[in-house]
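Please read the structure below before turning to the comments.
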Amino acid sequence: DYLSFDVTYSVLGTTTVSGDEVFRIGVTGPSVYVVNLMRNRSDGLYDYGTESASHSGEQFLKYPASVGDQWNYGNGTMRVLSTSESVTVPAGTFSCVVYEHTSQTEGTNRYYFNPGVGWIQFYQGNADIMTLKLASYALN
């Protein structure tokens with residue numbers, strides 16, 4: 001069944017994973033709570049897993065990005081579909097880079113990312129399994 005949640009992303013602090021300082025990113029909303037571990041580098045955003053299952057970092061999002069860029073991520077392939085898609089969510093309207101991850105085990109997921117704010121929207125399974133939309137944010 002299709003699930004849709006409005007969520008809030010919060011930087012909860014930092015921790016060390018595999019010798020790297022990473023941000024603890026809390027994702028909260030109805031029936032949703034997870035703490036992702038991420039590190040921002042000059043060439044992109046690196047994924048270190050979650051607090052309950054951390055690992056050495058691998059490039060999750062590439063930037064600057066160009067349409068057609070492609071790289072291996074997890075058990076599949078990540079590619080850039082758009083660098084300027086307008087996306088409206090409860091928190092507002094944002095110009096987003098659209099990344100698509102495709103794998104045989106997880107299907108297709110889409111990530112909508114605004115370089116100044118972060119994650120704006122996420123579709124799991126081409127939006128027919130779950131959608132997360134940014135409900136609010138604050139920049140410090």
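The values are calculated or read from the model by the stated rules, or taken from the named source; none is laboratory data. Small disclaimer: the values here were computed from a predicted structure and weren't measured. When we count neighbours, we look across all protein chains shown, and the Cβ atoms used for this are built from the backbone with ideal geometry, even at glycine. Keep in mind that these areas ignore ligands, DNA and RNA; they rest on the heavy atoms of the full protein, side chains included. Shrake-Rupley method; radii C 1.70, N 1.55, O 1.52, S 1.80 Å.
Examine region 62-81 for a residue that is closer than 21 Å to Thr8 by Cα and not basic (Lys, Arg), and state whether such a residue exists.
Checking region 62-81: not a single residue is closer than 21 Å to Thr8 by Cα and not basic (Lys, Arg).
Can you give me the number of residues within region 91-106 that are more than 15 Å from Leu134 (Cα to Cα) and either touching a Gly at 6+ places or on another chain (Cβ under 6 Å) or aromatic (Phe, Trp, Tyr) (or both)?
Within region 91-106, residues that are more than 15 Å from Leu134 (Cα to Cα) and either touching a Gly at 6+ places or on another chain (Cβ under 6 Å) or aromatic (Phe, Trp, Tyr) (or both) number 4.
Got at least one residue in region 3-10 being modelled with pLDDT under 90, open to solvent by 70 Å² or more (accessible area, probe 1.4 Å), among the aliphatic types (A, V, I, L, M) and assigned to a strand (DSSP E or B)?
Within region 3-10, one or more residues are modelled with pLDDT under 90, open to solvent by 70 Å² or more (accessible area, probe 1.4 Å), among the aliphatic types (A, V, I, L, M) and assigned to a strand (DSSP E or B).
Do we have Val22 as more than 14 Å from the chain's Cα centre (by Cα), over 16 Å from Val117 (Cα atoms) and in a strand (DSSP E or B) here?
For Val22, the condition - more than 14 Å from the chain's Cα centre (by Cα), over 16 Å from Val117 (Cα atoms) and in a strand (DSSP E or B) - is met.
Anything in region 11-30 that is open to solvent by less than 30 Å² (accessible area, probe 1.4 Å), on the phi < 0 side of the Ramachandran plot and either modelled with pLDDT of 90 or more or not small (Gly, Ala, Ser) (or both)? List them, or say none.
Val17, Val22, Ile25, Val27
Which of the residues belonging to region 42-64 are more than 15 Å from the chain's Cα centre (by Cα) and of a type outside the set (Asp, Glu)?
Ser42, Ser52, Ala53, Ser54, His55, Ser56, Pro64
Against the condition acidic (Asp, Glu), more than 20 Å from Leu134 (Cα to Cα) and free of Cβ contacts under 8 Å to residues at least 12 places away in the same chain, how does Asp69 come out, does it pass?
Judged against the criteria, Asp69 is a match.
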